[in-house]
Amino acid sequence: MKSLYALLLVLCLSTLSFGADHEFRGVVHAIESSYGVHHMHIPLLGVAMFFARPEGVSGLKLAIFENFNSRTDPDDVKRLVESSLGAGWYPFVRVRSKANAETTLIYTNPSGGKLRMMIVNVESSEATVVEMNLSERALKQWIDEPKEKAENETRH
């Protein structure tokens, strides 16, 4: 019985955390209304994210859109995302591949010892929106990782 209460608590908290993030919901709703698609409902995603989140990552949110319009203009997607994000979000990475019509946009928002990241990836037939918070420690580890790997390679 206690595990049922714990499961209900996790589900409620995951629902509340989704409702509290207006930027993520804004990007998702903008994509839905602009392109006539709806994100997939993934059953028990909140529970899975609670148990399987990477170290240093919190507040992980995910929306996947299938049957996306393959003729989406990358500049339109960029404008749509930027108009949906609030103040304090800065462009971090923008990748555009003409070969496979893929666009990846990453925006960051540094706040209170964490780095919030909004990642939007649009492919020919699907789109994905991910938001996550990286702790300062995880961010430092992520940045230092190439240096550490290079040092380990030179020792061998």
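Observations
- Over region 61-129: Kirkwood hydrodynamic radius from C-alpha pairwise inverse distances, Å: 12.6 Å
- Spin-label proximity, Asp21 to region 28-47 - amide N less than 17 Å from point 7 Å beyond Cα toward beta carbon: 28-32, 39-47
- Calculated Rg and Dmax of region 36-156 using C-alpha coordinates, Å: 16.6, 54
- Put Leu105, Leu44 in order of accessible area, highest first, and with a 1.4 Å probe you get Leu44, Leu105.
- Computed accessible area, Asp75, all protein chains, 1.4 angstrom probe, square angstrom: 60 Å²
- Positive minus negative residues near Phe65 (Lys, Arg vs Asp, Glu; Cβ under 13 Å): -4
- Cα-based shape type of region 105-150, given that a ≥ b ≥ c are square roots of the gyration tensor eigenvalues and the cut on a/c is 1.5: oblate
The values are calculated or read from the model by the stated rules, or taken from the named source; none is laboratory data. Computed from a prediction, not measured in an experiment: that's the story for all the values here. Don't worry about glycine lacking a Cβ; one is built from the backbone with ideal geometry, like all the others, and counts go over all protein chains shown. Keep in mind that these areas ignore ligands, DNA and RNA; they rest on the heavy atoms of the full protein, side chains included. Shrake-Rupley method; radii C 1.70, N 1.55, O 1.52, S 1.80 Å.
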